[in-house]
Amino acid sequence: MKLTILLLLLTSCTFYSQNNLDSILKNPEYNCKKTKNTSFEKLALTFPLNKTTKVQIVSFEYKNVMIIEEGKEDKQILIDSLPRIGNKLDYKNIKECKNLELINIIELSDILYNFNYNPKKDKTISVASCYMPRNAIVFLDSEENIIEFIEICFECGGHYVFRESNFGEFCDGKIQLIKNFFIAMQMKYGLIEK
């Protein structure tokens with residue numbers, strides 16, 4: 001019985017994901033393509049996955065915090081809005097939080113690492129000046145320390161990678177796939193509501 005339920009769940013997730021993927025990749029505005037087919041087993045050996053024991057997706061109220069990197073000109077400003085105390089998430093200021101199961105981590109990793117700009121087309125980069133991130137993908141170690149996060153503004157498609165891990169290029173289609181992933185995980189804030 002458990003095996004039947006698991007197979008049904010996996011089949012429905014795959015069906016949803018394939019339909020979601022097809023509609024996004026066929027949209028000419030997104031200029032995104034699956035350019036790699038790196039397996040999760042191989043990705044799990046690279047940072048941040050090799051140091052991660054838990055992956056969470058979170059929603060939070062946007063609060064503009066500007067950080068100027070030491071040794072860089074004042075023009076080099078990083079916007080960092082993820083609520084945290086020290087190196088841990090500040091759960092009191094997190095609106096929604098989902099711990100991802102392995103199957104979800106595998107699906108999200110495929111999106112993050114294997115989708116990039118279509119090399120056969122010119123890159124079209126959407127730029128908006130709003131950047132008010134309300135969502136993030138957070139990679140935690142065994143002591144719940146943040147080892148990496150990707151902060152995302154789904155309104156303008158902007159993103160910020162904390163430790164500058166190489167997740168590939170963030171084409172519009174990749175941002176849309178991540179947004180759809182968040183929605184499929186029942187996240188609402190920053191996606192459906194503000």
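Considering every residue within segment 26-43, establish whether at least one is touching a Leu at 6+ places or on another chain (Cβ under 9 Å), modelled with pLDDT of 75 or more, part of a helix (DSSP H, G or I) and open to solvent by less than 80 Å² (accessible area, probe 1.4 Å). Yes, segment 26-43 has at least one match.
Sort out which residues of segment 159-194 are of a type in the set (Val, Ile, Thr), surrounded by fewer than 18 Cβ atoms within 10 Å (Cβ to Cβ) and not in a loop (DSSP other than H, G, I, E, B), and write them in order of number.
Residues of segment 159-194 that are of a type in the set (Val, Ile, Thr), as a first pass: 161, 175, 178, 183, 192.
Imposing the further condition that a residue be surrounded by fewer than 18 Cβ atoms within 10 Å (Cβ to Cβ) reduces the set to 161, 183, 192.
VAL161, ILE183 - these are the residues of segment 159-194 that are of a type in the set (Val, Ile, Thr), surrounded by fewer than 18 Cβ atoms within 10 Å (Cβ to Cβ) and not in a loop (DSSP other than H, G, I, E, B).
Would you check if there is a residue in segment 107-126 being modelled with pLDDT under 95, over 26 Å from LYS188 (Cα atoms) and open to solvent by less than 40 Å² (accessible area, probe 1.4 Å)? The answer is yes; a qualifying residue exists. Among residues of segment 84-107 that are free of Cβ contacts under 8 Å to residues at least 60 places away in the same chain, those with a beta-carbon under 8 Å from a residue that is part of a strand (DSSP E or B) and open to solvent by 50 Å² or more (accessible area, probe 1.4 Å) at least six positions away or on a different chain give the pairs LEU89/CYS97; ASP90/ARG84; TYR91/CYS97; ASN99/LYS54.
The values are calculated or read from the model by the stated rules, or taken from the named source; none is laboratory data. In this text, all values refer to a predicted model and were calculated from it rather than measured experimentally. When we count neighbours, we look across all protein chains shown, and the Cβ atoms used for this are built from the backbone with ideal geometry, even at glycine. Protein only, heavy atoms only, side chains kept; ligands, DNA and RNA dropped before computing areas. Shrake-Rupley method; radii C 1.70, N 1.55, O 1.52, S 1.80 Å.
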